[in-house]
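Read through the structure below, which is laid out as structure tokens, and then see the notes.
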Amino acid sequence: MAKLLLGKEVTAAMNEKLQARVAALKEKGVSPKLAIVRCGENPSDLSYEKGATARAELIGVEVEKFVLPEDVTKEALIAQIEAINADDSIHGCLMFRPLPKHLKADQDEICNHLAACKDVDCMTDLSNAGVFEGRSDLGFAPCTPAACMEILDYYGIDCKGKNAVVIGRSLVVGKPAAMMLMGKNATVTVRHTKTVNTAELCRTAAILVSPAGVLNS
């Protein structure tokens, strides 16, 4: 029988663990701080920022916001990123993407200026390499596939030898989710817009991850 794995219980358990970890760090004189970099006033960015800030405050992590104008220059944004890299009081950085339209062509270059050790949302090439090589020392995985793995772990789902189907092949969710499932020894099939018999493939799955954002028949 299919089982829908819900995140509410997982979130509550994670909050408890993270609060304990933050408290332990503060006892050692380390006060965790997250930098949020936002260009302009995009409503979706503001909504994400509100949620991220609330979650950070709940677990005791300080948030410092760096709000730049929507028409910020490439040079000014890179300078801000480099300043965050150099600030030892900042331990992680979340920069909202996509960047404004005039920076779209330079987005990859801009993101790669962020130090991988502070890249909490897998924006840099080095962080992505870490996901594909299974090396946590190179950076952090993207938030959504990392959350999927956390859910599987919480519910005690043993992925070894099981058929897993991932719907979507984006570098943000689909591809890293597939690699992380393979890291758990699952046998992974990636379904995308050119795949035929999607429904049939999904029915063979012991584990189904569907981050495509559209209804699949």
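The values are calculated or read from the model by the stated rules, or taken from the named source; none is laboratory data. Just so it is clear, the model here is predicted, and its values are computed rather than measured. As a convention, Cβ positions derive from the backbone with ideal geometry for all residues, glycine included, and neighbour counts pool all protein chains shown. What goes into the accessible areas is simple: the full protein's heavy atoms, side chains included, and nothing from ligands, DNA or RNA. Shrake-Rupley method; radii C 1.70, N 1.55, O 1.52, S 1.80 Å.
Proximity of backbone amide H atoms, modeled 1.01 Å from N, is registered between Ile36 and Glu64, Lys65, Phe66, Leu94 at under 5 Å, excluding neighbours fewer than 5 places apart on the same chain. Modelling each spin label as a point 7 Å along the Cα-to-Cβ direction, I'd like the Ala206/His102 distance in nm, to one decimal. Result for the modelled spin labels: 5.4 nm. Summary of packing: across the peptides 198-210, 42-54, the per-residue average of other C-beta atoms within 10 Å ranks them, highest first, as 198-210, 42-54.
Taken over the C-alpha atoms, segment 130-190 has Rg and Dmax values of 10.8, 28 angstrom. Partner aspartates and glutamates whose Cα lies under 20 Å from the Cα of Lys26, excluding those fewer than 8 positions away in the same chain, are identified as Glu16, Glu57, Glu62, Glu64, Asp87, Asp88.
Taking amide H atoms as placed 1.01 Å from N in the peptide plane, the amide H of Val188 lies under 5 Å from those of Ala164, each 5 or more residues away in sequence or on another chain.
Per-residue 3J(HN,Hα) values for segment 189-201, derived from phi via the Karplus relation 6.51 cos²θ - 1.76 cosθ + 1.60 with θ = phi - 60°, read 10, 9, 9, 9, 5, 9, 6, 9, 6, 4, 4, 5, 4 Hz in sequence order (x marks Gly and Pro). Report, to the nearest 10°, how far helix 174-183 tilts away from the longest principal axis of the Cα atoms in the chain, using its own Cα long axis and a range of 0 to 90°. Once rounded, the angle reads 70 degrees. Ranked by the mean number of other Cβ atoms within 10 Å of their residues, highest first, the peptides 146-153, 96-103, 14-21 come out as 146-153, 96-103, 14-21.
Pick from Val67, Val165, Val120: which is most flexible by mean-square fluctuation in a GNM of the chain where alpha carbon atoms under 10 Å apart are linked? Comparing Val67, Val165, Val120 in a Gaussian network model of the chain, the most mobile one is Val67.
Annotation: per residue accessible area for segment 75-166 equals 50 Å², rounded to a whole number [probe 1.4 Å, protein chains only]. Taking the square roots of five times each eigenvalue of the Cα gyration tensor of segment 4-99, the equivalent ellipsoid has semi-axes of 27, 19, 9 Å, listed largest first.
Which entries of Lys50/Lys74; Lys33/Lys101; Lys50/Lys118; Lys3/Lys160 have Cα-Cα distances beyond 27 Å here?
Lys33/Lys101
Dimensions of segment 99-208 along the principal axes, based on C-alpha atoms and rounded to the nearest Å, stand at 43, 31, 20, largest first.
One chain, two ends: Met182 and Ser89. Fully extended at 0.36 nm per residue, the span grows by 29.9 nm beyond their Cα-Cα distance. Computed as a quarter of the hull surface, the mean projected area of the alpha carbon convex hull for the chain stands at 13.2 nm².
Within the chain, what whole-number % of the accessible surface is contributed by carbon and sulfur, with the 1.4 Å probe and all protein chains included in the calculation? Here it works out to 55 percent.
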